[in-house]
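For reference, the structure is listed below as structure tokens.
The values are calculated or read from the model by the stated rules, or taken from the named source; none is laboratory data. None of the values given here were measured: they were computed from a predicted structure. Note: ideal-geometry Cβ built from the backbone for every residue, glycine included; neighbour counts use all protein chains shown. The area values use the complete protein model at the heavy-atom level, side chains included, leaving out ligands, DNA and RNA. Shrake-Rupley method; radii C 1.70, N 1.55, O 1.52, S 1.80 Å.
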Amino acid sequence: MKIGILALQGDFELHSKALARLSVEVQLVRKPDQLTQCSGLIIPGGESTTFIRLLKAVSLYQAIRDFARERPVFGTCAGLIVLAKRVTNYPLETLGLIDISVERNAYGRQIDSFIDRVRIQLNGTSLETEGVFIRAPKIVELGPGVRPLGWHGEDVVMAEEGHILVATFHPELTEEAAIHRYFVEKARHSG
Amino acid sequence: MLQDKDYKLKVGLAEMLKGGVIMDVTNAEQAKIAEDAGAVAVMALERIPADIRAQGGVARMSDPKLIREIQEAVSIPVMAKCRIGHFAEAQVLEAIGVDFIDESEVLTPADEAHHIDKHKFKIPFVCGCRDIGEALRRIAEGAALLRTKGEAGTGNIVEAVRHMRAVQSEIRRITTLLDEELVAYAKQIGAPVELVRYVKENGRLPVPNFAAGGIATPADASLMMQLGAEAVFVGSGIFKSEDPPARAKAIVMATTHYMDFDLIARVSEGIKAPMKGIDIAQLKEEELLQTRGW
């Protein structure tokens, strides 16, 4: 089984290392044909405006929408923004694959970036982990089909709807393997 | 220091910029052009390096009003430059809330002996380097991101190539050193032995290293990425060219797809003339910017 990592821009190498620690084979994705062999796709952190422009330039925009009908996609930070249905404070043509409303840079600029404990609930077990929030977005609204999976205080920072998994923070910047493992299992069972 | 939480956040932002292009802009309109072209960040400054070079005089931190206008115009990170050693300019930039500070040789140095103690800031710093010693000294001072110095404002890639090759080749050399050779090596390059040991054990620098100083074409961006740069700063190269929006988009594409030469050929077509550029050999020793800092 191979997991694709969108490698147009951003911290795709860190996701690649996180998957290597789980002995999962990685395919860096820069073109649509590289998606075909992947059982799942990770959209990393980076700049969401840059992602959207680059996705459209090489026809990956529609290719990922098609891919997500059958197979799971996981987005962290900018990846979450790209997957969201709505961005409340910036006009951005997102992929619209998960029914959430997102506020970009919701905590402020880099000076407001922070690391704090987050609470995660995966497969019925609860765990606390380090959440790295860098110019992070906030999920401000969840559609009825969206299941919250992680919290920072009252804020939902991780969620899932069908094939799509999103986090506003960066599990790839920590040693915590549980979230990547959860996604890999999702991909393994998707087909 | 490398495990410290604040430092992790600083290097974390640098990680998010990888594979991207950071563009010099001098007003809100240029900043919008850069963002629309797919820039991952902009560097807000009053004069681009080519004009600083042409006009001479003391080059200082930009007017905070200009920086704020650019912050309001775009949603991507905004960087700004302070003079080498001018920690008060850096404190002002931190108060404005810029996302990254470039302690830059493009501005006139304020201290000829000391760079800024960058650990004292919550905002991450990027610094230029020409070789491994300079790179590790800047990291020791708290830089979260490095870039080649190149020779800013020339549109000539030759110095950036020299600096990237120098750093990469020394990284490879360090990985072959024996443990007992590390102290003598650290002494020779003037850098802390712990950081030399990090490079030996990991085969890379503890922070990302980007290219800067002379990038003017899509092929220049591809060249630097192939030589090991993890992202690209373009200073004068975009807004001193004949068609800045087209060139900006082409350089963004070439940085992402730096090994796809058909694509680079395609995006390089019909983007009009690049900046004219300067032969480095024509510059006098005192006109070089890369020799500022140590």
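Computed with a 1.4 angstrom probe on protein heavy atoms, the A-B interface buries about 3000 square angstrom of accessible area in total.
Please check: in the Gaussian network model of chain B (C-alpha springs, under 10 Å), which one of B:25, B:199, B:232 has the largest mean-square fluctuation. Judging by the Gaussian network model, the answer is B:199. Computed from the C-alpha gyration tensor, the three semi-axes of the ellipsoid equivalent to the range A:44-85 are 16, 14, 7 Å, from longest to shortest. Surface composition of the protein assembly as shown: carbon plus sulfur atoms contribute 48% of the solvent-accessible area (1.4 Å probe, protein chains only, all chains present). Taking 7 Å steps out from each Cα toward its Cβ at residue B:242 and residue B:2 produces label points 4.8 nm apart.
Past the 15 angstrom mark, what percentage of all C-alpha to C-alpha distances in the range A:49-153 do you count? Beyond 15 Å sits 67 percent of the P(r) for the range A:49-153.
In the protein assembly as shown, helices alone account for a calculated mean residue ellipticity at 222 nm of -10500 deg cm²/dmol, with every DSSP H run of four or more residues adding -39,500 (n - 2.57).
Separation of the alpha carbons by more than 18 angstrom is noted, of B:149/B:276; B:18/B:276; B:32/B:249; B:8/B:122; B:32/B:118, for B:149/B:276; B:18/B:276; B:32/B:118. What you get for the protein assembly as shown, charging only the Cβ of Lys and Arg (+1) and of Asp and Glu (-1), is a dipole of about 620 debye around the Cα centre.
Contact-buried residues of the range B:1-36, at a threshold of 50 Å² lost accessible area versus the chain by itself: B:5, B:8, B:9, B:15, B:16, B:18 (1.4 Å probe; DNA, RNA and ligands ignored).
In terms of solvent-accessible area of protein heavy atoms at a 1.4 angstrom probe, what is the ranking of B:185, A:90, highest value first? Let's see the in-between values first.
Values: B:185 5, A:90 50 Å².
Putting B:185, A:90 in descending order of accessible area: A:90, B:185.
Solvent-accessible surface of protein heavy atoms, probed at 1.4 angstrom with all chains present, puts B:61, B:253 in the order B:61, B:253, largest first. Three semi-axes describe the equivalent ellipsoid of the range B:136-267; taken as square roots of 5 times the Cα gyration tensor eigenvalues and ordered largest first, they are 32, 15, 11 Å.
List the residues of the range A:104-147 that lose 50 Å² or more of accessible area once all protein chains are present, compared with their chain alone (1.4 Å probe, heavy atoms only, no ligands or nucleic acids). By number: A:109, A:110, A:111, A:115, A:134, A:135.
Relative to the current alpha-carbon distance between residue B:158 and residue B:141, full extension at 0.36 nm per residue lengthens the span by 3.4 nm. Grouping the Cα pair distances of chain B into 10 Å bins from zero gives a pair-distance distribution of 7, 30, 38, 20, 5, 0 percent in increasing distance order.
Taken over the protein assembly as shown, the percentage of Cα pairs per 20 Å bin, counting from 0 up to the bin with the maximum distance, is 25, 58, 17, 0. Between the range A:42-101 and the range A:124-171, the alpha-carbon centres lie 16 Å apart. Between the range B:60-100 and the range B:177-211, the C-alpha centres lie 31 angstrom from each other.
Where the eigenvalues come from the Cα gyration tensor of the range B:1-127, what are the semi-axes √(5λ) of the equivalent ellipsoid, largest first, in whole Å?
Numbers: eigenvalues 91, 82, 30 Å².
The three semi-axes for the range B:1-127 are 21, 20, 12 Å.
Bridging of residue A:2 to lysines at a Cα separation below 22 Å is possible for A:17, A:31, A:186, once same-chain residues fewer than 8 apart are set aside. Which stretch or stretches of the range A:174-188 have amide N atoms under 14 Å from the point lying 7 Å from residue A:1's Cα along the Cα→Cβ direction? Counting only backbone N, you get A:179-188.
Which trypsin sites (Lys or Arg not before Pro) in the range B:74-157 sit in a loop by DSSP (not H, G, I, E or B) and have at most 15 other Cβ atoms within 10 Å of their own Cβ? Sparse-neighbourhood loop trypsin sites (Lys or Arg not before Pro): B:122.
State the percent of C-alpha pairs, over all pairs in chain A, separated by a distance greater than 27 angstrom. Could the numbers behind the result be given before it?
Working: 3255 of 18145 pairs.
When every Cα pair of chain A is considered, 18 percent fall beyond 27 Å.
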